[in-house]
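Take a look at the structure below.
The values are calculated or read from the model by the stated rules, or taken from the named source; none is laboratory data. Just so we're clear, the structure is a prediction, and the values are computed from it rather than from any experiment. We place every Cβ from the backbone using ideal geometry, glycine too, and count neighbours over all the protein chains shown. Accessible surface is based on the protein model in full, side chains and every heavy atom, while ligands, DNA and RNA are left aside. Shrake-Rupley method; radii C 1.70, N 1.55, O 1.52, S 1.80 Å.
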Amino acid sequence: MADKQLDDLFLDTLKDIYYAERQILKALPKMAKAASSEELRAGFEQHRAETEIHVERLEQVFELLGKAPRGKTCDAILGILDEGKEIMDDFKGTSALDAGLISAAQAVEHYEIARYGTLATWAKQLGHKEALDLFLTTLKEEEATDEKLTMLAKSSVNLQAA
């Protein structure tokens, strides 16, 4: 087996998050439809629009690297999204559904935050300045979404579920 380097791992992880973001695009409308809170529904719809931009940014990074945008199956995101589907099924019609949706969405956000943080660190190490800037922009947006979810959970959704 050929000796793999950080740039190989960087590309592999880029393919992973590209696949993940595309799966998230499919899941967000279902989560929005399931939400009973208008504020949560609107948040999921807004984040879907942001996720489309995240995919475009990842495509820019592939272009910067001279690679075709291609995903690699990400079992981690598939598992996280499956847990979200399970919550939607198991808690449908209950006062706890929105709290469960926020929990599932935050699991997704935390995965994305980990991936974008790692990719930003590696982009810096590898001298990919433009990619670094793109990753940092997306990372800030993912962190902001996570914070909005936390605030919504604490201010109303968890109280209604209790």
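Those residues that are more than 15 Å from the chain's Cα centre (by Cα) and aromatic (Phe, Trp, Tyr), I need them from the stretch 41-83; list them, please.
If the condition is that a residue be more than 15 Å from the chain's Cα centre (by Cα) and aromatic (Phe, Trp, Tyr), then Phe62 is the only one that fits.
So, in the stretch 118-144, how many residues would count as being open to solvent by 20 Å² or more (accessible area, probe 1.4 Å), without any contact (Cβ under 8 Å) to a residue 40 or more places away in the chain, farther than 13 Å from Leu65 by Cα and of a type outside the set (D, E, K, R)?
First, pick out the residues of the stretch 118-144 that are open to solvent by 20 Å² or more (accessible area, probe 1.4 Å): 118, 121-122, 124-130, 132-134, 136-137, 139-141, 143-144.
With without any contact (Cβ under 8 Å) to a residue 40 or more places away in the chain added as a condition, the list becomes 121, 124, 127, 129, 132-133, 136, 139-140, 143-144.
Of the ones still in play, those that are also farther than 13 Å from Leu65 by Cα are 121, 124, 133, 136, 139-140, 143-144.
With the extra rule that they be of a type outside the set (D, E, K, R), the set shrinks to 121, 136, 139, 144.
Of the residues in the stretch 118-144, 4 are open to solvent by 20 Å² or more (accessible area, probe 1.4 Å), without any contact (Cβ under 8 Å) to a residue 40 or more places away in the chain, farther than 13 Å from Leu65 by Cα and of a type outside the set (D, E, K, R).
List the helices (runs of 4 or more DSSP H) inside the stretch 62-162, counting only whole elements, that have at least 1 residues being in contact with a helix residue (DSSP H, G or I) (Cβ under 7 Å, 6 or more places away or on another chain) and of a type in the set (S, T, N, Q). If you could, list the steps in order and put the result at the bottom.
On the way: elements: 75-90, 97-126, 129-152, 158-161.
Because the criterion is at least 1 residues that are in contact with a helix residue (DSSP H, G or I) (Cβ under 7 Å, 6 or more places away or on another chain) and of a type in the set (S, T, N, Q), the helices (runs of 4 or more DSSP H) in the stretch 62-162 that meet it are 97-126, 129-152, 158-161.
Under the condition of being exposed (fewer than 13 other Cβ atoms within 10 Å of the Cβ) and among the small types (Gly, Ala, Ser), which residue from the stretch 145-162 is modelled with the highest pLDDT?
So the residue we want is Ser155.
Which of (1) modelled with pLDDT under 95; (2) surrounded by 14 or more Cβ atoms within 10 Å (Cβ to Cβ) does Ser103 not meet, given it meets every other one?
With (1) modelled with pLDDT under 95; (2) surrounded by 14 or more Cβ atoms within 10 Å (Cβ to Cβ) applied to Ser103, the lone miss is (1).
Which of the residues belonging to the stretch 21-47 are farther than 18 Å from Gly79 by Cα, crowded, with 18+ Cβ neighbours inside 10 Å and among the aliphatic types (A, V, I, L, M)?
Correct list: Ala32, Ala34, Ala35, Leu40.
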